[in-house]
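Since the structure comes first, as C-alpha cells, the remarks are kept for the end.
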Amino acid sequence: MSATTRFEAALSAFDATLTRTRTADFSARLDEVVDPPAVGSPLPFEGVSLDGTDVVTEPTPAQLRDATTGVTAAAFAIAEYGTLAVRSTAGGDEPVSLYPERHVAVVRESDVLSDADAAFSRLADAFADGPESVVFATGVSGTGDMGEYVEGVHGPREVRVLLLEDR
Amino acid sequence: MTGRSDRAESIRHTMEEDGDAVHDHTATLNRNRYEAMASLDGGDALRRRAREIKEDAIADLPELIDRVEAAVEANGGRVYVADDAADANRYVQQVASARDAETAVKSKSMTTEELELNDALVDAGVDVYETDLGEFVIQVAEESPSHIVGPAMHRSREDIAELFNDYFDPEEPLETADELTRFARDYLGDKIRDADLGVTGANFVLADSGTVVLVTNEGNARKSAVTPDAHVAVAGVEKLLPSVEELQPFVELIARSATGQSIAQYVSMLSPPTDSPTLDFDDPNTPDFGGEGGDREFHLVLVDNGRFEMREDDQLRETLYCIRCGACSNSCANFQHVGGHAFGGETYSGGIASGWEAGVHGLESTEEFNDLCTGCTRCVDACPVEIDVPWINTVVRDRLNRGADPDAFDSLVTGLTPDDEPSGFALDKRVFGNFGTLAKWGSATAPVSNWVADAGPARALLERAVGIDRRRDLPQFARETFADWYADRGSRIDDPDAAVTLYPDVYTNYVRPDRGKAAVRVLEAAGVRVDVSPVSESGRAPLSQGMVSTAEDRAVETRAALEPALDAGCDVVVLEPSDLSIFRREYERLLPEGDAAALADAAYSLVEYLTACDTTPLAGDERVAYHAHCQGRTVGELDASEALLDCLGYDVVTSAEAVECCGMAGSFGYKEAYYELSVEVGETLADWAADHPDRTLVAGGASCLDQLDALVDRTPLHVAELLDPET
C-alpha cells in the first residue's frame, strides 16, 4: 500500500477527507474544501498560492475568530496515523490551523511519510538546523471530560487535506 | 491515622459517590490500552527503550538542566529552577506582576496542582481559568482531581450538567455532553482570547533545543501557549529528555497507555518564544493578527520540590521515570472501584502516587491510601516505562510501618509474630505478615482452631483486635498437612523420566493440601518423580504488609530450604503464583546478590513444567473458564496455562479481557477496612463467571480461589485439581 493510500485510510477513520489536486487546479480544488469565511497563512510550495482566492491571509484577530475555515500548509504528514505536522510560522500556521472549525491542510505528496520512524527522522533533521516548533495534529479536537466523547473542543471539528500530486 | 472502621466508611462513601463513573471510564481506557498495545509491533521493546532513556536522563539530570538553560536562553526565553513549591509560585507571581497580568489561562498540569499554583496566582490578584474541560469542571466544583489524566472522571454527564446549571445559570439549561462542551468551549474561548498569561505544564522538555512538548486532545494547551503574549511552562525537572532523538518512544507510548489512542490529537513541540504572530483580540480590526503586537515572552520553570532527593533514593528513584499516563490507575482493580479521591494523596493518585506523594509531599501524605495497593502487579505490565509500582508501594509501606508509634498490642502477638519489625505498628499487618506461623499453629490444633476461630465471640475479637472482617470466611486449617501426607505416602515412581522438587507453600501445606496432592499425582502421571522440600513461607505474606526485613528473612530461609534441590540441578515446581512471582521478581531485591538467579531459573509453575517436560499423557475435553492470578499473569502464567490446556484438548476461555484482580489479594479481602471494596471488586469476577455458567471454573492462586468460593456458587479448581488423574 502506498503511503498516500495509507494516509487516506487513516484520515477516513476520523472522517477527514483527502482531495488530490495538481498545482494547476489548486484554486478550484481549494474552493471545494473551503467553507467561508476563511483565513489562511502563506503556502511555501511552488506553484500554489492563496493570493487571488477568497482566503484571507494576514487576517485581523476578528477575522481569525470568526472564520469557519483555516488554510495552512503541513510540513509533512504521517501516513500511519493520519497526522499533519504544522509548523509555528510567522505567517500564523499555528493559530490558523487551530481557531477555525475546519482546518484545510495543504500537503505535498512527496511529504507524505510512511510512519513514525520516518517522521521522527525528518523531525531530527529539522531540529539539527535549529530549534523547531511544530505540532503533530491527528484528527479533530475532542474530549471525554463531559461524560461522553464529544468532537470539536478548543481546536477544529473538521479536517480536510488537499494533496499536491505533482509536488 | 484513621481507624479501620472510619476508613471502611470513607471507602464506602467514595465508592458510592465516585465508583460507577470512575469504573466506567477506567475500565474502558484499560480495554483500549490492551488493544492499542497489542496492535503495536515491538511494544515491549519500545517500553524497554523508553525506560532506558529515562534512566539515563535522570542520571544526567544536572547536565540536562545546564543544557536546557543554554538552549532556552539562546531562543530568547528564561529558565528558572525552583527549589520548592513556594519558590516556583513566587517566580510565576513575579512574571505575572511584571506584566500587570489580570488573568491567566492554564492547560492541564499535575505539577501545578502539586504546587497549588492557582491559589498563589489568585493571591497575587490574577484570575485563573483552567482550560482543559476536566480541570475546568473540578475548578468550578472546587474539587481535587480524581485521576491524573481525567481529573473529573468521577463525575457523570448528569452531575456536570447540574453543576454548570447551578453555577452559570445559563438561559437554557445544559443537558447533553455536546451542549456542555460547547458551553465550556465558548466560555473558555473568551477567557483565552482575553488572557494576559498562558500557563502550561509539559509532558516532556527537550534539553538541547529548549522544546516544551505538550500532549493533549482538546487543543487547549496549544491555545493557552500561543494566544497570550507570555507563556510560562511549569515542569518537574524529571521531564527533561536530551533531544528530539529520544522523544519518539514516548510519543508512541503515552497515548496508547493513557487512552488507547495510537497518538494523541495534538503533540505540540514548541521551542518558545515561537515565530507565531502575537494575537491581540483587544485590537480586533488590525491586520496581521493584531499587527505590531510586541515580542513573545517565555519562561520555563523547572521544579525540584523533592525530586533531587528522590533521585538519590535507590527505592523511589524510578518514580521519576513516570510519564503520568494513568495506566497504573486504569489497570488497578481497586482504583477502578474507588478512583483517586480514595486512592490518592494530596495531589497524585493511583499506584504510582505512593512514590510521588512520598517524594514531593512527604511520607504522611501516603498513609491513608498506600494500603489500597495490593501488590497485584497488573500495573507492572501496563506501565510504559516498566516501573515496579508495587515495589514502590511496598517500600513506602515499610517506611510507614517503621514510623508508627509503639502501642500496647505487642504482648498479644508475641510468638505469633516472630519478625524483626519495629514494635508498635498495626497488629493486623503483623498477623498477616506472619501468616506462615499462624497457619502452622492453626493446622497443628485443627479442627479446634477452626471451631474457635469461626465462633461468634472469636470473630468479634478478631475484628476488633486484628481487623479481620467477620463477614469473610476464614481459611480452614487442615489437620493433616500436605508435607505429612507426602511423607507417609512417598513417591510412587520407580523409574522416573525426570525428577522435580515441589515447593510446599504454606497455603498448600496447611490450608489447601488437596491441590498439592493433585499436583503430585499429575506429575507422577507424567512420569516425573516428586520430592517435597521443607515447608517455608516465601516472604510473600510479610512483603504484602510492607515488612521488608521479615520478607528478607523468609526469603533466606526458603532459599536455604531449596538449596539441596538447586545444588542437585533439580527443577522446582511452584503451585502458588504469588510465590512463583516473588521467586522471579522480588527475590533479587531480598536476597544477597546472585542468590536469586539460580532459583528464578529453576522455578516453574506446574503448567510451565508440564509444557516443558513434554511427556504428559494427560488430556481432557472439559469446557473451562480460567481466571489467572494477577502476579502469576505478570510472570507469564496466563499465556502458559491457556496454551497447555488448549494443547491437552480443553476448551478454554479466560477472564483476561474482562477482569484484572479478583479483589482478594492475599490478606486484603480479610481486612475490615477493605472487605466491602474487596467484594465489590470481586463482583466483576463473579459476573464474568456467571457469563460462563456451563464451564468448570479454574483459578490460579489461593486468593482467587477463596474469592470465587465466597462469591460464586460453583466450586473453583486449581489447575492441578483440573488435571488430577484421580478426579
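The values are calculated or read from the model by the stated rules, or taken from the named source; none is laboratory data. Quick caveat: nothing in here was measured; it's all calculated off a predicted structure. Note that we place each Cβ from the backbone using ideal geometry, even for glycine, and neighbour counts take in every protein chain shown. The protein model used for the area step is the full one, side chains on, heavy atoms only, and it has no ligands, DNA or RNA in it. Shrake-Rupley method; radii C 1.70, N 1.55, O 1.52, S 1.80 Å.
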With Cα atoms, 0 to 90° folded angle of helix B:177-194 axis to chain B main axis:
40
Within the protein assembly as shown, percent of DSSP bridges classed antiparallel, to nearest 5
25
Under the Karplus relation 6.51 cos²θ - 1.76 cosθ + 1.60, θ = phi - 60°, what is the ordered set of whole-Hz ³J(HN,Hα) values for segment A:41-54, x standing for Gly and Pro?
10, x, 8, x, 9, 5, x, 10, 7, 8, 4, x, 9, 7
Estimated dipole of chain B in Debye, rounded to 20 [Cβ of Lys and Arg +1, of Asp and Glu -1, Cα centre]
1840
Cβ neighbours within 10 Å from other chains - mean over B:209-218
4
Would you kindly derive the ³J(HN,Hα) couplings of segment B:483-488 from the backbone phi angles with the Karplus curve 6.51 cos²θ - 1.76 cosθ + 1.60 (θ = phi - 60°), listing them in order in whole Hz, with x for Gly and Pro?
5, 5, 4, 6, 4, 5
Nitroxide proxy distance, nm - points 7 Å out along Cα→Cβ at B:Ala70 and B:Arg471:
6.3
Among A:Thr19, A:Ser141, A:Pro156, which residue has its Cα furthest toward the positive end of the charge dipole of segment A:3-164, with +1 on Lys/Arg Cβ and -1 on Asp/Glu Cβ?
A:Thr19
What percent antiparallel are the DSSP beta bridges of segment A:3-164, to the nearest 5?
30
Relative contact order of chain A, please, whole-number percent, based on alpha carbon pairs below 8 angstrom and at least 6 residues apart.
29
Where does the protein assembly as shown land at 222 nm, in deg cm²/dmol rounded to the nearest 500, when only DSSP H runs of n ≥ 4 count, each adding -39500 (n - 2.57), divided by all residues?
-13000 deg cm²/dmol
Quick one: of B:Lys108/B:Lys191; B:Lys106/B:Lys239; B:Lys54/B:Lys106; B:Lys106/B:Lys191; B:Lys429/B:Lys517, which pairs are farther than 22 Å apart, Cα to Cα?
B:Lys54/B:Lys106; B:Lys429/B:Lys517
Label-to-label distance, nm, for residues given as A:Ala9 and A:Ala128 (7 Å Cα→Cβ offset):
3.1
Expected output is a single nm value to one decimal: the length gained when fully extending between B:Glu683 and B:Val122, i.e. 0.36 nm times separation in residues minus the C-alpha distance. What is it?
197.4 nm
Of segment A:84-108, those with amide N under 14 Å from the point 7 Å along the Cα→Cβ vector of B:Asp283 are none
Distance between Cα centroids, segment B:566-603 to segment B:23-75: provide it in whole Å.
31
Treating the angle as unsigned and between 0 and 90°, give the value, to the nearest 10°, between the Cα long axis of helix B:85-98 and the longest Cα principal axis of chain B.
20
Kindly rank B:246-254, A:104-112 from highest to lowest mean number of other beta carbons found within 10 Å of each residue.
B:246-254, A:104-112
Report, to the nearest 10°, how far helix B:513-525 tilts away from the longest principal axis of the Cα atoms in chain B, using its own Cα long axis and a range of 0 to 90°.
80
Find the centroid of the Cα atoms in segment B:614-685 and in segment B:436-487, then give the distance between the two in whole Å.
25
Once you order the gyration tensor axes a ≥ b ≥ c over the Cα atoms, which shape class does the protein assembly as shown get: rounded for a/c under 1.5, otherwise prolate or oblate by comparing a/b with b/c?
prolate
With a 1.4 Å probe and all protein chains left in place, how much accessible area per residue does the protein assembly as shown have, in Å²?
36
Would you work out the relative contact order for chain B, in percent, from Cα pairs under 8 angstrom that are 6 or more residues apart?
12
Give the cross-link partners of B:Lys440 among the aspartates and glutamates, using a straight C-alpha distance below 15 Å as the criterion and excluding same-chain residues fewer than 8 apart.
B:Glu480, B:Asp484, B:Asp505, B:Glu537
Would you mind giving the mean number of other chain beta-carbons within 10 Å of the Cβ of each residue in B:276-289, as a whole number?
6
For segment A:3-164, state the semi-axes of the equivalent ellipsoid (square roots of 5 times the eigenvalues of the alpha-carbon gyration tensor), sorted largest first and rounded to whole angstrom.
21, 20, 17
How big is the antiparallel share of DSSP beta bridges in chain B, given as a percent to the nearest 5?
20
Go ahead and set up a Gaussian network model of chain A, Cα springs under 10 Å, then flag whichever of A:Val96, A:Val71, A:Val140 fluctuates most.
A:Val140
Between the alpha-carbon centers of segment B:161-216 and segment B:100-117, tell me the distance in whole angstrom.
12
Starting at the first residue of segment B:665-678, write each ³J(HN,Hα) from the Karplus equation 6.51 cos²θ - 1.76 cosθ + 1.60 with θ = phi - 60°, in whole Hz, x for Gly and Pro.
6, x, 7, 3, x, 7, 7, 3, 5, 10, 3, 5, 5, 4
Rounded FRET efficiency, nearest 0.05, which uses the C-beta distance separating B:Glu593 from B:Glu364 and R0 of 25 Å:
0.15
